[in-house]
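Structure, as structure tokens:
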Amino acid sequence: MRISVIGCGYLGAVHAASMAELGHEVVGIDVDERKVATLRDARAPFYEPGFEDLLRCTLGTGRLSFSTDVADAAGARVHFLCVGTPQKHGEYGADLRYVDAAVESLLSVLQPGELVAGKSTVPVGTAARLAELVEGKVPGALLAWNPEFLREGFAVEDTLHPDRLVYGLPAGPDGEVARQLLDEVYAPIVARGTPQVTTDHATAEMVKTAANSFLATKISFINAMAELCEATGADVKLLADAIGYDDRIGRKFLNAGLGFGGGCLPKDIRAFMARAGELGADQALTFLREVDNINMRRRIRMVELAREVLDGSLLGKRVAVLGAAFKPDSDDIRDSPALNVAAQLQLQGAVVCVTDPAAVENSRREWPHLDYAATPEEAAADADAVLVLTEWRQYRELDPVAFGALVRQKRVLDGRNALDRETWTAAGWTYRALGRRAG
């Protein structure tokens with residue numbers, strides 16, 4: 001099948017290469033000439049394990065190409081919308097300008113019988129509005145919503161081996177046509193018996209925002225427990241282990257610490273609240289405001305904990321921050337808790353040096369006032385405290401004995417509960433973590 005992918009950022013570029021890997025002829029369209037040139041050269045414009053190899057391979061087959069001209073999408077039977085929906089400036093709602101612009105541009109090449117398949121995370125009701133536009137301008141063209149569930153660091157795997165496929169389809173015979181087209185796109189995935197949920201536009205739109213809201217709530221729940229553990233002397237890690245054995249709860253997303261960031265969870269739960277308000281159902285999601293508040297309090301608490309560990313004052317103290325990306329296996333620094341904490345420490349007088357295996361260059365562009373190092377060893381030289389704020393494998397596997405020889409004071413703050421406390425304390429470190437007793 002010939003497929004177009006409109007928008008070649010993180011989601012779109014991975015989706016385009018993955019669809020080519022499934023055997024389709026794919027053209028990725030983006031208005032950013034530099035991004036398109038980078039992708040054409042088989043270079044990833046972002047850090048994602050396995051993606052550059054997939055990109056090189058699929059470009060080599062001739063099935064994958066990239067363009068800045070939407071006219072090159074002509075003749076595709078399915079057009080995937082993969083553009084961003086950032087938070088509006090000064091508001092909670094999602095900015096849909098890029099989605100609307102992508103659909104408007106597609107109308108110039110769209111033909112009857114072709115399918116526009118939205119993958120962007122949008123407020124409920126967006127698909128119905130766009131479907132009316134598409135069908136009004138190009139009678140016989142269809143619109144479906146096919147949300148993505150990518151985890152940064154696992155995007156290729158999640159695209160080629162998803163745990164479910166969700167189709168939000170139009171009613172009646174058009175829905176069956178759209179379903180058949182999507183089944184053809186995902187034929188190898190469908191053939192493996194991957195669960196499918198076939199539903200209406202509104203439900204499909206809500207699946208992604210509901211999933212992200214649930215995960216955000218689970219993270220903030222355990223961080224609320226961490227606040228209580230600090231007040232009582234309990235240990236939040238052991239608490240999470242204990243409740244995680246209950247299969248109704250599960251252990252995933254129960255790692256207390258600095259909280260969530262990135263380009264999805266924070267803006268998605270805020271957009272969900274905003275849309276609920278527009279629909280007159282704002283009371284249904286008032287709990288998400290507290291989820292957001294708990295999450296932001298973790299950053300403040302980490303700064304307070306650093307001050308406690310540094311004898312009550314940050315002024316002039318050398319602090320090594322290990323981690324800049326919002327999560328490991330990513331170079332994404334959007335709403336990064338690690339960088340937020342680093343900046344606050346510096347504003348309050350600390351001498352801060354940040355390192356990250358993948359995100360230093362992105363951080364340097366967005367946060368130029370911070371100092372950076374290429375390695376944790378360089379960042380930790382003569383440090384009065386070390387803060388682990390992104391749980392990269394490289395940091396979990398540090399040798400606390402050798403690392404201790406580099407610092408001025410052996411004080412570590414584990415912002416992700418990622419280190420083995422006993423190993424570090426045995427090496428002479430003072431260990432502190434959110435929700436756990438001092439070690």
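The values are calculated or read from the model by the stated rules, or taken from the named source; none is laboratory data. Note that the structure is predicted; figures quoted are calculated from it, not measured. Glycine gets a Cβ as well: all are built from the backbone with ideal geometry, and neighbour counts include every protein chain shown.
Summary of values
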read-out: Residue match in the stretch 356-366 (condition: surrounded by fewer than 18 Cβ atoms within 10 Å (Cβ to Cβ) and either in contact with an Asp or Glu (Cβ under 7 Å, 6 or more places away or on another chain) or in a loop (DSSP other than H, G, I, E, B) (or both)); value: no
read-out: Residue that is nearest to Glu278 (Cα to Cα) [pool: residues in the stretch 80-125 that are of a type in the set (Lys, Arg) and free of Cβ contacts under 8 Å to residues at least 12 places away in the same chain]; value: Lys88
read-out: Counted residues, the stretch 169-197 - those being without any contact (Cβ under 8 Å) to a residue 60 or more places away in the chain and farther than 20 Å from Glu114 by Cβ; value: 8
read-out: Matching option when the condition is within 30 Å of Gly233 (Cα to Cα) and free of Cβ contacts under 8 Å to residues at least 60 places away in the same chain, among Glu422, Glu378, Glu366, Glu361; value: Glu422
read-out: Given (1) of a type outside the set (A, V, I, L, M, F, W, C); (2) closer than 22 Å to Asp95 by Cβ; (3) assigned to a helix (DSSP H, G or I); (4) at pLDDT below 95, number of the condition Glu230 does not satisfy; value: (2)
read-out: Complete set of residues in the stretch 302-329 that are closer than 14 Å to Phe260 by Cα and either not assigned by TED's automatic domain parsing to the domain that holds Ala256 or not aromatic (Phe, Trp, Tyr) (or both); value: Met302, Gly323, Ala324, Ala325, Lys327, Pro328
read-out: The stretch 309-339: number of residues that are touching a residue at least 60 places away in the same chain (Cβ under 8 Å) and either out of contact with any Pro (no Cβ under 6 Å at 6 or more places or on another chain) or crowded, with 24+ Cβ neighbours inside 10 Å (or both); value: 21
read-out: Residue check for Asn293: of a type in the set (S, T, N, Q), free of Cβ contacts under 8 Å to residues at least 12 places away in the same chain and not assigned by TED's automatic domain parsing to the domain that holds Gly84; value: yes
read-out: The stretch 250-277, residues that are under 24 Å from Glu148 (Cβ atoms) and among the charged types (D, E, K, R); value: Lys252, Lys267, Asp268, Arg270, Arg275
read-out: Residue match in the stretch 380-397 (condition: under 19 Å from Gly262 (Cα atoms), β-branched (Val, Ile, Thr) and part of a loop (DSSP other than H, G, I, E, B)); value: yes
read-out: Lone qualifier among Arg393, Arg416, Arg364 - being under 18 Å from Ala306 (Cβ atoms) and in the same structural domain as Asp241 (by TED's automatic domain parsing); value: Arg416
read-out: Tally, over the stretch 333-348, of residues that are in a loop (DSSP other than H, G, I, E, B) and under 18 Å from Val388 (Cβ atoms); value: 2
read-out: Any hit, the stretch 219-238, residues being among the polar types (S, T, N, Q), surrounded by 19 or more Cβ atoms within 10 Å (Cβ to Cβ) and assigned by TED's automatic domain parsing to the domain that holds Val291; value: yes
read-out: Given (1) touching a Phe, Trp or Tyr at 6+ places or on another chain (Cβ under 8 Å); (2) of a type outside the set (A, V, I, L, M); (3) not in a loop (DSSP other than H, G, I, E, B), index of the condition Lys237 fails; value: (1)
read-out: Where Asn295 falls short, out of the listed (1) outside any helix (DSSP H, G or I); (2) in contact with a helix residue (DSSP H, G or I) (Cβ under 7 Å, 6 or more places away or on another chain); (3) not charged (D, E, K, R); value: (1)
read-out: Qualifying position, being part of a loop (DSSP other than H, G, I, E, B), touching a Gly at 6+ places or on another chain (Cβ under 8 Å) and not hydrophobic (A, V, I, L, M, F, W, C), among Arg416, Arg408; value: Arg416
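The rows are residues; the columns are (1) surrounded by 20 or more Cβ atoms within 10 Å (Cβ to Cβ); (2) in contact with a helix residue (DSSP H, G or I) (Cβ under 6 Å, 6 or more places away or on another chain).
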position	(1), (2)
Ala155	yes, yes
Pro173	no, no
Ala178	yes, no
Val197	no, no
Ala210	no, no
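Table: residues versus (1) in the same structural domain as Leu55 (by TED's automatic domain parsing); (2) touching an Asp or Glu at 6+ places or on another chain (Cβ under 9 Å); (3) farther than 19 Å from Leu106 by Cβ.
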position: Glu132; (1), (2), (3): yes, no, no
position: Gly136; (1), (2), (3): yes, no, no
position: Ala141; (1), (2), (3): yes, yes, no
position: Ala144; (1), (2), (3): yes, no, no
position: Leu150; (1), (2), (3): yes, yes, yes
position: Asp158; (1), (2), (3): yes, yes, yes
position: Tyr167; (1), (2), (3): yes, yes, yes
position: Arg179; (1), (2), (3): yes, no, yes
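Residue-by-condition table, conditions (1) surrounded by fewer than 17 Cβ atoms within 10 Å (Cβ to Cβ); (2) under 30 Å from Leu169 (Cβ atoms); (3) out of contact with any helix residue (DSSP H, G or I) (no Cβ under 8 Å at 6 or more places or on another chain):
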| position | (1), (2), (3) |
| --- | --- |
| Val26 | no, yes, no |
| Glu33 | yes, no, yes |
| Thr58 | no, yes, no |
| Phe66 | no, yes, no |
| Ala71 | yes, yes, yes |
| Phe80 | no, yes, no |
| Gly93 | no, yes, no |
